[in-house]
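Read through the structure below, which is laid out as structure tokens, and then see the notes.
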Amino acid sequence: MMHGHEDHCDVLVVGGGAAGLVAARVAADALGSRGVVVLVERMTRPGAKLLLSGGGKCNVTHDASPDRLLEKGFGRTRERRFLRTACYAYTADDLRAFLAGYGVQTVVRADGKVFPASAMADDVLDALMSGVRHAGARVVTGTRVLELFDTGEGYLAGCGAVCFRTRKVILATGGISYGHTGSTGDGLDMARSLGHSIVSPGAALAPLFLKPLPGRSLAGKVLRGVVLHVTCGGKTVKAFGDILFTHKGVSGPAVLSLSRDVAELYGQGKDADVSIDLFPRLEHAGLEARLLDYTVAHGARQLSRFLGEESPLPAALVPFVCRRVELDGALRLAELQRSDRRRLVACLKRFLVGKVVSVPLAAGEVSSGGIPLQEIDPGTMASRISPGLYCCGELLDYAGEIGGFNLQAAFSTGWLAGTSAAASCQQDA
Ligand SMILES: Cc1cc2nc3c(=O)[nH]c(=O)nc-3n(C[C@H](O)[C@H](O)[C@H](O)COP(=O)(O)OP(=O)(O)OC[C@H]3O[C@@H](n4cnc5c(N)ncnc54)[C@H](O)[C@@H]3O)c2cc1C
């Protein structure tokens, strides 16, 4: 039941993150004086998650054509297909041109990641906010939309003391992670109340918490260019990249990239073993041959020196490997028996780190799950269930890789939702 002051608008955007800020700007731009656009944000300032992104430097997008961006950033065909129209409608170049228009130059790193030249997420947020203001949308902060009703002629959005009567609603409330930024999944409850089915949220781009813990002395140490394997219920998923040891387990690009698959496998209630191939470019036989060659050349050197020089192991991990294969690091390579060598090679190719105890949803840079893609028209971001409702950003059931893909998806779907909601208002008129 709604009470309190009633306010009116044509398009109500719920959530002032990357998607909502773009949606509000383009809807207000398109409607001009013909309609009122209001953006409601529950936090005192919009864009809290954007400010955290890229460690505060904001990896705002990826320098690639829309097709290439989708191919690199979204592993699942269904998600790539869904996002295609949006990513063509509002491209990485469009975003960069918009930012440049507000004085925010961007730079492309060798790996394709795009950052503001100032390396400050604040600059990106300021540009987005200026865009919203110039377009004439009203921003209401510190106001949480608690419920949404379809009135038949539009929607009523209840925010406690105030409610908004609106013709169109754009839901842009984000995923469910880093709850202190305001993204706690409210939009999913509202979408459910309007008839949408919700895919259970899961962790993505999240660390893995392990048992036993890899060891306190390892926290903060990085392994570069290795392959992470996670085996669960007879199925193995793997990812190449860097791994960071943490106080609770492992993180880093390879772990984050694999976490969504791990969460899905592990969620089936089975044990998940985490191991690392420290020499992914060599097969067992190749690695053994390399060890033998090294031994022929430097037989008097100690095992620990070989591991320190020839493997990606940080010094702190060398004793762990030696202990695992029950060999003294001070042993001279020439003294290694054939069986020792075999054991060592097997360990280096599959260094068991521990078992997964959690893939924490709250610590994921993004969450998977949300509003099912088949319930949204990919050409407009309009709900197929509740006419007049548009959905964009991370509350949709997609999750991209690290590299600027998630923000670009939020900007692109936000752009399409804002444009379509405004066009639909004009058609009604
Ligand atoms: C630590 C971290 C680092 C990241 N780094 C990057 C990166 O470098 N590059 C990249 O591409 N992606 C990155 N991401 C992911 C990216 O930030 C998100 O995918 C993106 O911000 C999602 O945008 P969104 O607009 O859909 O949702 P959000 O940014 O989560 O915005 C949703 C907004 O809705 C508001 N809201 C929620 N419920 C209500 C309600 N009931 N009423 C009113 N307002 C509401 C919230 O307060 C929030 O402001 C990172 C994420 C994290 C957590």
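The values are calculated or read from the model by the stated rules, or taken from the named source; none is laboratory data. All figures in this text were calculated on a predicted structure; none of them were measured in a lab. Note that each Cβ is placed from the backbone with ideal geometry, even for glycine, and that neighbours are counted across all protein chains shown.
Restricting attention to the stretch 266-283, the residues that are more than 17 Å from PRO312 (Cβ to Cβ) and touching a residue at least 40 places away in the same chain (Cβ under 8 Å) add up to 5.
Residues in the stretch 69-98 that are touching a strand residue (DSSP E or B) at 6+ places or on another chain (Cβ under 6 Å) and either over 19 Å from SER257 (Cβ atoms) or surrounded by fewer than 22 Cβ atoms within 10 Å (Cβ to Cβ) (or both): ALA92, LEU95, ARG96. Look at (1) more than 22 Å from VAL108 (Cα to Cα); (2) in a loop (DSSP other than H, G, I, E, B) and you find that GLY418 fails only one, number (2). For the condition in contact with a Ser or Thr (Cβ under 8 Å, 6 or more places away or on another chain), in the same structural domain as ASN59 (by TED's automatic domain parsing) and either crowded, with 17+ Cβ neighbours inside 10 Å or more than 17 Å from ASP10 (Cβ to Cβ) (or both), GLY175 qualifies.
In summary, VAL139 fulfils each of the numbered conditions (1) buried (at least 24 other Cβ atoms within 10 Å of the Cβ); (2) touching an Asp or Glu at 6+ places or on another chain (Cβ under 8 Å) with the single exception of condition (1).
Could you list all residues from the stretch 1-34 that are in a loop (DSSP other than H, G, I, E, B) and within 19 Å of CYS163 (Cβ to Cβ)?
First, the residues of the stretch 1-34 that are in a loop (DSSP other than H, G, I, E, B): 1-4, 15-17.
Of everything in the stretch 1-34, those that are in a loop (DSSP other than H, G, I, E, B) and within 19 Å of CYS163 (Cβ to Cβ) turn out to be MET1, MET2, HIS3, GLY4, GLY15, GLY16.
Anything in the stretch 132-188 that is part of a helix (DSSP H, G or I) and more than 23 Å from GLU375 (Cβ to Cβ)? List them, or say none. First the steps, then the outcome.
Initial filter on the stretch 132-188 (part of a helix (DSSP H, G or I)): 132-135, 179-181, 186-188.
Within the stretch 132-188, VAL132, ARG133, HIS134, ALA135, GLY179, HIS180, THR181 qualify.
In the stretch 144-163, the qualifying residues are those that are within 11 Å of the ligand (Cβ to nearest atom) and crowded, with 18+ Cβ neighbours inside 10 Å, and the one that is nearest to ASN406 (Cα to Cα) is VAL145. Counting only helices (runs of 4 or more DSSP H) that sit completely within the stretch 244-341, those holding 3 or more residues that are under 34 Å from the mean Cα position of the chain (by Cα) and at pLDDT below 95 correspond to 253-266, 318-324.
Does LEU223 meet the test of being more than 15 Å from the ligand (Cβ to nearest atom), buried (at least 16 other Cβ atoms within 10 Å of the Cβ), modelled with pLDDT under 95 and not assigned by TED's automatic domain parsing to the domain that holds ALA421? Spelling it out, LEU223 is indeed more than 15 Å from the ligand (Cβ to nearest atom), buried (at least 16 other Cβ atoms within 10 Å of the Cβ), modelled with pLDDT under 95 and not assigned by TED's automatic domain parsing to the domain that holds ALA421. Looking only at the stretch 57-64, decide whether some residue is within 15 Å of the ligand (Cβ to nearest atom), over 20 Å from LEU395 (Cβ atoms) and not in a loop (DSSP other than H, G, I, E, B). Yes, there is a match, as at least one residue in the stretch 57-64 is within 15 Å of the ligand (Cβ to nearest atom), over 20 Å from LEU395 (Cβ atoms) and not in a loop (DSSP other than H, G, I, E, B).
The set of residues in the stretch 86-128 being within 15 Å of the ligand (Cβ to nearest atom) and free of Cβ contacts under 8 Å to residues at least 12 places away in the same chain consists of VAL107, ARG109.
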